[in-house]
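Some notes on the structure that comes next.
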Amino acid sequence: MVDLNSMTIFVRVVEMSSFSQAARQLDIPKATVSRKVAELETDLGTPLLHRTTRKLYLTEAGNIYFQRCRHILDEVEDANRAITSLQDIPQGTLRITAPIVFGTCFLSQWIADFLQQYEQIRVEVLLTNQLIDLVSENIDIAFSWQTQPLASSSLDTQSLYRVSYWLCASPSYLEQYGKPKTPQELSHHRCIRVCSQPFASHTTWQLIDPTGRIETVNVMGRLVSNDLILARQAAISGSGIAYLPNSLLGEPIKLGQLDRVLTDWAFREGTLCLRRLNLSPLSAKVRAFCDFVAEKCLKTNEPDLSYTQAKDRTVNG
């Protein structure tokens, strides 16, 4: 089978009308050039060049082959340039996955700003709270909430900022059932449980006091969901006590729709993470989006832009 290297040598010989000049341009021995052209003619079963002491002439077959080879090499060069441009110019389709609440409340505006800045990029977004395999789903960027440290693996993880969680309930609920004074009293309250397994019979909440002491309590409740917005609305409606990220509670608390409970106790902080496959070099589109997100997070005054390695190839939204 003829390889591109032999084609390149043959084309250079024809273009330079000289084995010697082609050898100098390609920086290989003249003997190699002569041998490669001879092997090419043997493989094709026909002479490509007439050689005289002063000049080279293409045979009819050689002329046809030269035109086709030059076209093929031009296509290869164009392909190489196209790939190089992907590394240099942000363009193409960027596939992103994120938890539903984060995607709806925050990521949507980020992407709108990003698309205005990079007109050659198309974005596809998958909002889900399910596990996503970045490789099989061809995902470039995955956002997720992380509460535990991660071991090293094939995913690069960029921690963006930390999020606190608060316990809250509506004034009407607290008036009817009273405010819990200790974490253990939560086991006697109607708790709105947010978890990835909605059919679990109970949920374990761990709270930490200012001294670092941890209290673990099994909470019950008639409402279980994997959606934070639904849980917030249920709490506002008086369905029970929920623990929610503080980023979702500012307005309801300001409007008097929710009150915090057990304010001396806190849940383990979560961290918003951006994850991507550990590829080098990064494509320009992925590099541009990572830089864009880092800048957005710096403007929130809550940055934590340390880099770690993620544990596995799946992302828990």
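Computed with a 1.4 Å probe on the full set of protein chains, the accessible area for ARG287 sits at about 90 Å². Per-residue accessible area (protein heavy atoms, 1.4 Å probe) orders ASP78, ASP43 as ASP43, ASP78, starting from the largest.
Using a 1.4 angstrom probe with every protein chain in place, what is the largest-first accessible-area order of ASP27, ASP259, ASP74?
ASP27, ASP74, ASP259
Label sites at GLN206 and THR46, each approximated as a point 7 angstrom past Cα along Cα to Cβ, lie 7.6 nm apart. The accessible surface of the chain, taken with every protein chain in place and a 1.4 Å probe, is 49 percent carbon and sulfur. Ordered by 1.4 Å accessible area with all protein chains kept, ARG51, ARG275, ARG222 run largest first as ARG222, ARG51, ARG275.
Before I look further, what does the chain give for accessible area per residue, probe 1.4 Å, in whole square angstrom?
56
Quotient of the Cα radius of gyration of segment 1-117 and 2.2 N^0.38 Å, N being its number of residues: 1.80.
Taking the full set of protein chains and a 1.4 angstrom probe, give the accessible area of SER237 in square angstrom, rounded to the nearest 10. SER237 exposes around 80 Å² with every protein chain in place. Pairs of lysine residues in the chain that meet both criteria, 8 or more places apart or on different chains and Cα atoms under 27 Å apart, total 10. A cut-off of 5 Å between modelled amide H atoms, ignoring neighbours fewer than 5 places along the same chain, links GLY240 with SER170.
Once divided by 2.2 N^0.38 Å, the Cα radius of gyration of the chain becomes 1.62.
Spin-label model, GLU251 to LYS55: label points 7 Å out along the Cα-to-beta-carbon direction sit 8.3 nm apart.
The values are calculated or read from the model by the stated rules, or taken from the named source; none is laboratory data. Not measured: the values here are computed from a predicted model. Quick reminder, even Gly has a Cβ in these numbers, built from the backbone with ideal geometry, and neighbours come from all protein chains shown. The area values use the complete protein model at the heavy-atom level, side chains included, leaving out ligands, DNA and RNA. Shrake-Rupley method; radii C 1.70, N 1.55, O 1.52, S 1.80 Å.
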